[in-house]
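No lab work stands behind these numbers, since they all come straight from the coordinates. Just so it is clear, the structure is predicted and the values come from calculations on it, not from any experiment. As a convention, Cβ positions derive from the backbone with ideal geometry for all residues, glycine included, and neighbour counts pool all protein chains shown.
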Amino acid sequence: MRNEQSVALAYCQQEGATLARINSQAKYDAMVTEVGSGGLYYLEGFDANMDENWVFDDGTPITFFNWYESTYAPGSCIAYYPGNGITEMECTARHYFLCEIR
């Protein structure tokens, strides 16, 4: 299912989860294994001022990146691009998403 980031977050919360928080190499590796290839997947995190200060939804700074400089339009949300890494993304684009139960 593809949705805008806000709709994806609401769906995850309805299921008792949130967008996946990728904050370590171990979690990144597990995501890569689970997702496989194809599509873009919203993750937890944003840059409200588009000044490269990325934070999780609770305001905790994001310090783990496996960043991929994409050719997509810059945005204030982040997504996983299989085979490439984590990239910035417009929040209104319709993409897949990953939920995580914590």
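So, in the range 85-101, of the ones that are among the hydrophobic types (A, V, I, L, M, F, W, C) and either touching a Ser or Thr at 6+ places or on another chain (Cβ under 9 Å) or not in a strand (DSSP E or B) (or both), which residue ends up farthest from Asn23 (Cα to Cα)?
Step one: of the range 85-101, the residues among the hydrophobic types (A, V, I, L, M, F, W, C) are 86, 89, 91, 93, 97-99, 101.
Keeping just the survivors that are either touching a Ser or Thr at 6+ places or on another chain (Cβ under 9 Å) or not in a strand (DSSP E or B) (or both) gives 89, 91, 93, 98-99, 101.
On the way: Met89: 18, Cys91: 20, Ala93: 23, Leu98: 14, Cys99: 14, Ile101: 15 Å.
Among those residues, the one meeting the criterion is Ala93.
Cys91 meets the conditions (1) within 12 Å of the chain's Cα centre (by Cα); (2) free of Cβ contacts under 8 Å to residues at least 60 places away in the same chain; (3) within 21 Å of Arg2 (Cβ to Cβ) in every case but one. The failed one is (2). For the range 29-48, taking the residues that are outside any loop (DSSP other than H, G, I, E, B) and charged (D, E, K, R), the one that is surrounded by the fewest Cβ atoms within 10 Å (Cβ to Cβ) is identified as Glu34. Checked against (1) touching a residue at least 60 places away in the same chain (Cβ under 8 Å); (2) part of a helix (DSSP H, G or I), Ala26 passes all but condition (1).
The set of residues in the range 49-64 being surrounded by 10 or more Cβ atoms within 10 Å (Cβ to Cβ) and touching a residue at least 12 places away in the same chain (Cβ under 8 Å) consists of Met50, Trp54, Phe56, Asp57, Ile62, Phe64.
Return the residue satisfying two criteria in turn: it lies in the range 8-17 and is surrounded by 15 or more Cβ atoms within 10 Å (Cβ to Cβ) and more than 11 Å from the chain's Cα centre (by Cα), and of such residues it is farthest from Phe65 (Cα to Cα). Result: Tyr11.
The rows are residues; the columns are (1) within 20 Å of Tyr96 (Cα to Cα); (2) not hydroxyl-bearing (Ser, Thr, Tyr).
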| residue | (1), (2) |
| --- | --- |
| Gln25 | no, yes |
| Gly36 | yes, yes |
| Gly39 | yes, yes |
| Tyr42 | yes, no |
| Asn49 | no, yes |
| Asp58 | no, yes |
| Pro61 | no, yes |
| Tyr68 | yes, no |
